[in-house]
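Quick one: this structure, given as structure tokens, is what I'll be asking you about.
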């Protein structure tokens, strides 16, 4: 892996090529748009807030999708492990995700 600012390059072998580089972008959960899937990379926050995120299902490696946004833009409804959760954008700033997580099997 080659690390750069907020992007990670992963080597992905192709049939006829030895390898190719694919870019994945890491952003904060609050920056996702409705319908976008992502994979959780890091759960931030301190103490009780971090623990609460993890109890709600925001665990590293889980897929998360933005279901919808309230009319005034806050809160945002997310789907994690088949559950619908609403978070304020300010709280979602503490969760780092990688865009392009796979769809859940629910």
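Just the Kirkwood number for the stretch 26-99, please: inverse of mean 1/r across all distinct Cα pairs, in Å, one decimal.
Every distinct Cα pair counted, the radius reaches 11.9 Å.
Tell me the label-point distance for the pair residue 33, residue 84, using the 7 Å Cα-to-Cβ offset, in nm and rounded to one decimal.
Label-label distance for residue 33 and residue 84, simple model: 2.3 nm.
Enumerate the residues in the stretch 45-77 having an amide nitrogen under 16 Å from the point lying 7 Å beyond the Cα of residue 25 toward its Cβ.
Taking a point 7 Å out along Cα→Cβ of residue 25, the residues of the stretch 45-77 whose backbone N falls under 16 Å are 66.
Readers should treat all values here as calculations from the given coordinates under stated rules, not as data from a laboratory. Nothing here was measured: the structure is a model prediction, and the numbers come from that model. Positions of Cβ are backbone-derived with ideal geometry, glycine not excepted, and every protein chain shown enters the neighbour counts.
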